[in-house]
Amino acid sequence: MLTLVTIALLAAMGMALIRAIKGPTVYDRILASNTFSTKTVLMISVLGFLTGESEVYLDIALMYALVGFIVTVAVLKVSEFGDLGQSRPDSGENRQ
Amino acid sequence: MSQALDMLSVLLLFFGVLFILVGSIGLLRMPDVFTRMHAAGITDTIGAAAIILGLMLVAGWTIVLIKLLIVLLFLMLLNPTACHALARAAVHGIRSPWQGESEQQQ
Amino acid sequence: MLRLLILFSLTIVLWIALSGHFDPFLLSLGLLSAATVTLVSHRMGIIDAEGQPLGLIPGLLRYAPWLAKEMVRACIDVAWRITRPSLPIQPTIIRVPANQQTVPGRVSFANSITLTPGTISLDVLEKEIEVHALTTESAADLKSGEMGKRVEHLESG
Amino acid sequence: MIELINIVLLGLLVITALAAIRLHDLFAVTIMFGIYSLLAAAVFVVLDAVDVAFTEAAVGVGISTILMLATIGLVGRQEKPPSHRPLLPLVVVIVTGAALVYGTFDMPPFAAPDAPVQQHVAPRYLEQSPHEIGIPNVVTAVLASYRGYDTLGELTVIFTAGVGVLVLLGFRRRRSHMADSPEEES
């Protein structure tokens, strides 16, 4: 069963990659990379159970869940404001 | 009892796989970024939750269970937030969501 | 001060849950890192009522099962629509009244909308939430206002 | 099974890299690099190199994506058309790559227990470090204790590089921003 899950996740990753390559807008690519990171988290968790070392693997999965979120937010920030808001601590308000 | 748990875990994993695949197909089929977000939402919420719950049933009462629980909690908290941020940015950037074939501009 | 203590104990619990070691040397390292995190968060000024919505927790425990049930129901519906060859979707944008009193309450409502497949919150306004719905049915479902009422209920504890 | 996962992941990796080369919107390229790092880390996990996967997660996906985004904030989103044909770089890359592949023929197979690198100090680290150092993770024990000075030097280099990058990305930006909006200085 775990093998089946891994294969399905690989297929789903491939489909998300197709969407990331095809675009057409930049938001499609961000969406694809976001679900891609969710799928990577799931795959690392499942791989941990396949190899029987899930304790260490789950730490990585956890880290990916957090880092993926940070990256998505950073990418969105650049796409909306043009940069990461360096030297502009109140960038959320003054560019509306 | 453990037989029943195994059955339940296989069932959950199966539904997780089903929803992840359907969500990915939706990601390819849907006409614009907002509708694609709905499809990706299936993968990111129910699919991920079902797979992690299934793995939790396999894990038993160990530290792995706690870690899986934390992963699930983070996914459930962060995914809607990221999705909302993306939707908001896309509304500002695109302006006109796809409203069906008749009103489509291009 | 109480919030500082809560954050400190939460980080310690998280450290133990993630490591699983009870060696005195390692435990002291964990205490040290928890103290550093608390100190840094204090200096950043992010420890406030918004960061620790303690009043919501008992309500959330009652709300979560209902939300999970709704999610599964909506999910099956959306999944069915994706697999149809004709792709029967009618995307609409609606505005749902959000009568929650506090900011964490409104955030929970908006996040619940996004968590339920078929609806995504686009923008959170003063008294309303702008929602993109995949089908007219899911839009009508949200308009009936049951989710909003339950979140208001959650707020009052 | 593991071989199959590896092959599929490496295939996806190649596709992602090719897509990143073909795209001209630098923003999309950054997103492709993010996906590339995720895939690379998944490969590391399959190879059982857990600590490398950790580093890849933090540095590859997190920090380098954010640094690239900050750079895009400085230089703009569109790629400039190349000024010359990329023929010479291509030849250099192919020759170097071929040399590296040729070098792997003499290496012991992956995870061979009788390879020289596994015979030297590795057994002692694996057996003794839990008693000698008291840290469960062997890699951490080696980096932080057996090779402590080495790591200290490494960290100095990385810290200097980080400061340099931050100066390049942030400092100039702030000055130019202050220059065209002096009312924010208050």
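The values are calculated or read from the model by the stated rules, or taken from the named source; none is laboratory data. These figures come from a predicted structure and were not determined experimentally. Methodologically, a virtual Cβ is constructed for each residue, glycine included, from the backbone with ideal geometry; neighbour enumeration extends over all protein chains shown. SASA here: full protein model, heavy atoms, side chains in, ligands and nucleic acids out. Shrake-Rupley method; radii C 1.70, N 1.55, O 1.52, S 1.80 Å.
Quick one: which of B:Lys67/C:Lys149; A:Lys77/D:Lys80; A:Lys39/A:Lys77 span more than 26 angstrom between C-alpha atoms? Write out the running numbers ahead of the final one.
Working: B:Lys67/C:Lys149 33 Å; A:Lys77/D:Lys80 23 Å; A:Lys39/A:Lys77 23 Å.
Beyond 26 Å between Cα atoms: B:Lys67/C:Lys149.
Where does the Debye-calculated log10 I(q)/I(0) of the protein assembly as shown sit at q = 0.10 Å⁻¹, using only Cα point scatterers of equal weight, no solvent?
-0.95
What is the dipole size for the protein assembly as shown, taken about its Cα centre, with +1 at each Lys and Arg Cβ and -1 at each Asp and Glu Cβ, in debye to the nearest 20? Write out the running numbers ahead of the final one.
Working: 35 positive and 43 negative charges, 196 e Å.
With Lys and Arg at +1 and Asp and Glu at -1, about 940 debye.
Would you calculate a helix-derived [θ] at 222 nm for the protein assembly as shown, using -39,500 (n - 2.57) for each DSSP H run of n ≥ 4 and dividing by the full residue count, to the nearest 500? Could the numbers behind the result be given before it?
Numbers: 24 runs with 384 residues, N = 545.
Dividing the helical sum by the residues of the protein assembly as shown leaves -23500 deg cm²/dmol.
At 0.36 nm per residue, and after removing the present C-alpha to C-alpha distance, how many nm does the segment from D:Ala112 to D:Val92 gain when stretched out fully? Don't skip to the end; give the middle numbers.
Working: separation 20, 0.36 × 20 = 7.20 nm, distance 3.20 nm.
Separation in residues times 0.36 nm, less the Cα-Cα distance, equals 4.0 nm.
Please report, in whole Å³, the volume per residue of the convex hull around the C-alpha atoms of chain D. Intermediate values should be presented prior to the final figure.
Working: hull volume 37.0 nm³, N = 186.
Taking only Cα atoms, chain D has a hull volume of 199 Å³ per residue.
Specify, per residue and in Å³, the volume enclosed by the convex hull of the alpha carbon atoms belonging to the stretch C:2-44.
Values: hull volume 2.4 nm³, N = 43.
Convex hull volume per residue, Cα atoms: 55 Å³.
Could you state how much accessible area is buried at the B-C interface, both sides summed, with a 1.4 Å probe, in Å² to the nearest 100?
On the way: alone 7860 and 10140 Å², together 15270 Å².
About 2700 Å² of accessible surface is lost on pairing.
Would you calculate the separation in nanometres between label points at C:His42 and D:Leu168, each defined as 7 Å from the Cα along the Cα-to-beta-carbon direction?
Result: 3.9 nm between the two label points.
Please compute, over every Cα-Cα pair in the stretch B:2-97, the percentage with a separation greater than 24 angstrom. Write down the numbers at each step before the final one.
On the way: 1503 of 4560 pairs.
Of all Cα-Cα distances in the stretch B:2-97, 33 percent exceed 24 Å.
Give me P(r) over the stretch D:73-149, computed from all C-alpha to C-alpha distances, binned every 10 Å, as integer percentages.
Per 10 Å bin, starting at zero, the Cα-Cα P(r) for the stretch D:73-149 comes out as 14, 22, 19, 19, 20, 6 percent.
Carbon and sulfur together cover what percent of the accessible area of the stretch C:14-86 at a 1.4 Å probe radius?
Details: 3370 of 4690 Å².
On the stretch C:14-86, the fraction of accessible area on carbon and sulfur atoms equals 72 percent.
Once the Cα atoms of the stretch A:2-85 are picked out, what are the Rg and Dmax in Å?
So, for the stretch A:2-85, Rg and Dmax equal 14.6, 45 Å respectively.
Of A:Lys77, A:Lys39, which has the most accessible area and how do the rest follow, probe 1.4 Å?
A:Lys77, A:Lys39
Quick one: which residues, 5+ away or cross-chain, put their amide H under 5 Å from the amide H of C:Glu128? H built at 1.01 Å from N.
C:Ala98
Just to make sure I understand: if all protein chains stay in place, what is the order of A:Asp28, B:Asp6 by accessible area at 1.4 Å, largest first?
Details: A:Asp28 5, B:Asp6 85 Å².
Accessible-area ranking of A:Asp28, B:Asp6, largest first: B:Asp6, A:Asp28.
How large is the convex hull of the Cα atoms of the stretch D:1-79 per residue, expressed in Å³ as a whole number?
Values: hull volume 4.7 nm³, N = 79.
Here the figure is 59 Å³ per residue.
For C:Asp23, tell me the accessible area in Å² from a 1.4 Å probe, rounded to the nearest 10.
The accessible area comes out at roughly 70 Å².
Scaled to the compact-protein estimate 2.2 N^0.38 Å, what is the alpha-carbon radius of gyration of the stretch C:55-156, rounded to two decimal places? Display every interim value, and only then the final one.
Values: Rg = 13.8 Å, N = 102, 2.2 N^0.38 = 12.8 Å.
Normalised Rg, Cα atoms only: 1.08.
What accessible area, in Å² to the nearest ten, does a 1.4 Å probe give for C:Lys69?
Approximately 120 Å² for this residue.
Kindly express, to the nearest 10 degrees and within the range 0 to 90, the angle between helix D:148-166's C-alpha long axis and the longest C-alpha principal axis of chain D.
With rounding to tens, the tilt is 20 degrees.
Could you tell me the accessible area of B:Cys83 in Å² (1.4 Å probe, neighbours in place), rounded to the nearest ten?
The accessible area comes out at roughly 20 Å².
When a/c is below 1.5 the answer is rounded, else prolate if a/b is larger than b/c, else oblate, so apply that to the stretch D:54-98 with a ≥ b ≥ c taken from the square roots of the Cα gyration tensor eigenvalues. Can you show the working numbers first?
On the way: a/c = 5.65, a/b = 1.32, b/c = 4.28.
Here the stretch D:54-98 falls in the oblate category.
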